[in-house]
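Encoded as structure tokens, here's the structure I'll be asking about.
The values are calculated or read from the model by the stated rules, or taken from the named source; none is laboratory data. All figures in this text were calculated on a predicted structure; none of them were measured in a lab. FYI the Cβ positions are ideal-geometry reconstructions off the backbone, even for glycines, and counts take in every protein chain you see. SASA here: full protein model, heavy atoms, side chains in, ligands and nucleic acids out. Shrake-Rupley method; radii C 1.70, N 1.55, O 1.52, S 1.80 Å.
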Amino acid sequence: MPDSRMIFVNLAVRDLERSVEFFTKLGFTFNPQFTDESATCMIISDKAFVMLLVHGRFQDFTKKQIVDSTTQTEVLVALSAESREAVDAMVHTALASGGSPANHPQDHGFMYGWSFQDPDGHIWEVVWMDPAHVQG
């Protein structure tokens, strides 16, 4: 059963066009079938997606107030990377593309990670784990 599950993370964004431009620079693509002026489906993998929704559209899915992600944290999104260098490359690209720092790099030997904030303040953690350590 776990192999058949998909995940759709929904994030409220202020400027959809700016978000698409930012995440495109990080190498992500979008499913045009689930894209309009108020939302888009960012493809993480064949089973993981992030729905970027403008605030008004996001509000359609909740009765709660949308948090101000520039001052509050609602979720930490973690992405795997294939190497330490890939972690650094993604964070450097994010920072050069309008993102901001979240935390300093964390090196635990077998695991390395670094995080950034997207233009809306959502925190993205990019993590590499040594495959030999994970298998052992």
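Starting from region 115-136, keep only residues that are open to solvent by 20 Å² or more (accessible area, probe 1.4 Å), then list their pairs with residues that are charged (D, E, K, R) and outside any loop (DSSP other than H, G, I, E, B) whose Cβ atoms are within a distance under 7 Å, requiring at least 6 positions of separation or different chains.
Pro119/Arg18; Trp128/Arg84
Those residues that are among the charged types (D, E, K, R) and within 21 Å of Val75 (Cβ to Cβ), I need them from region 16-58; list them, please.
The answer is Arg18, Lys47, Arg57.
Residue by residue through region 70-107, note down the ones that are in a loop (DSSP other than H, G, I, E, B) and either closer than 16 Å to Gly121 by Cβ or among the polar types (S, T, N, Q) (or both).
Answer for region 70-107, where residues must be in a loop (DSSP other than H, G, I, E, B) and either closer than 16 Å to Gly121 by Cβ or among the polar types (S, T, N, Q) (or both): Thr70, Thr71, Gln72, Thr73, Glu74, Val75, Ser83, Ser97, Gly98, Gly99.
Considering region 114-135 alone, what residues qualify as being of a type outside the set (Phe, Trp, Tyr), over 20 Å from Ser69 (Cβ atoms) and touching a Phe, Trp or Tyr at 6+ places or on another chain (Cβ under 9 Å)? Lay out the reasoning, then the answer.
First pass over region 114-135, keeping only residues of a type outside the set (Phe, Trp, Tyr): 115, 117-123, 125-127, 129-135.
Applying the additional criterion that residues be over 20 Å from Ser69 (Cβ atoms) yields 127, 129-135.
If the condition is that a residue be of a type outside the set (Phe, Trp, Tyr), over 20 Å from Ser69 (Cβ atoms) and touching a Phe, Trp or Tyr at 6+ places or on another chain (Cβ under 9 Å), then Val127, Met129, Asp130, Ala132, His133, Val134 are the ones that fit.
I've got another one for you. Collect the residues in region 74-83 that are open to solvent by 70 Å² or more (accessible area, probe 1.4 Å), touching a Phe, Trp or Tyr at 6+ places or on another chain (Cβ under 9 Å) and not hydroxyl-bearing (Ser, Thr, Tyr), keeping them in residue-number order. It would help to see each step written out before you state the result.
Step one: filter region 74-83 for residues open to solvent by 70 Å² or more (accessible area, probe 1.4 Å), giving 74, 76, 80, 82.
Still in the running and touching a Phe, Trp or Tyr at 6+ places or on another chain (Cβ under 9 Å): 76, 80, 82.
Leu76, Glu82, listed by residue number.
For region 94-111, indicate whether the set of residues that are in contact (Cβ under 8 Å) with a residue 60 or more places away in the chain, touching a Leu at 6+ places or on another chain (Cβ under 8 Å) and either more than 28 Å from Ser4 (Cα to Cα) or open to solvent by less than 30 Å² (accessible area, probe 1.4 Å) (or both) is non-empty.
yes
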